[in-house]
Structure formats: C-alpha cells, structure tokens
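Step one of this worksheet: look at the structure below.
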C-alpha cells in the first residue's frame, strides 16, 4: 500500500503556513462541501481559491454554490474549474 496523499489537507496547511488562517466554520464548510459533492480535492481547492479571490474572504454559501455548480458540470481538475468560471463569466479573476 502506498502512502495516500491528502491534497486538501496539504493545501490548508500551506495556507496556514503563509499566515492565512481559515476559521473553524470555514473548515467545516470546506469539508461539508467535499463530502456533499464528492468532488476531487483539486476541484475543492480551486473552489476555495476562486471563493477567496471573488469574495476577498471565505464565504461558505458562495463556496458551496460554486462547488455544486462545478460538480454538476462534471469538472474534475483545477484547470477545468478555472476555465469554466472564465467561460461562464461568473466572476472576474485576475491573472496570476
């Protein structure tokens, strides 16, 4: 058995290391969304990043709604998530 990687947990730890501490209720929303949609970690991470860029802080209802939309669209990667947001013109994301 190989070591299982938890991309979402690693992402949250990296954010914390950079000084961006999500509140407990935000962490709850993140994991609720993960279990509710059964989306891959890569899509969960994209939804978190898009939520933070669009809302300037973590907005649980925005995140859940975005995650549901991505899930219904069968988005399975971060690149697909970003492309979908861009194509739908749901929110203006700055270039990085």
> Can you name every residue in segment 62-81 that is part of a helix (DSSP H, G or I) and either surrounded by fewer than 16 Cβ atoms within 10 Å (Cβ to Cβ) or on the phi > 0 side of the Ramachandran plot (or both)?
Replying inline: 65, 68, 72, 79
> In this structure, is residue 59 over 15 Å from residue 12 (Cβ atoms) and surrounded by 14 or more Cβ atoms within 10 Å (Cβ to Cβ)?
Replying inline: yes
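Coordinate-derived values only; no laboratory data. All figures in this text were calculated on a predicted structure; none of them were measured in a lab. Heads up, the Cβs are rebuilt from the backbone with ideal geometry, glycines too, and the neighbour counts pull from every protein chain shown.
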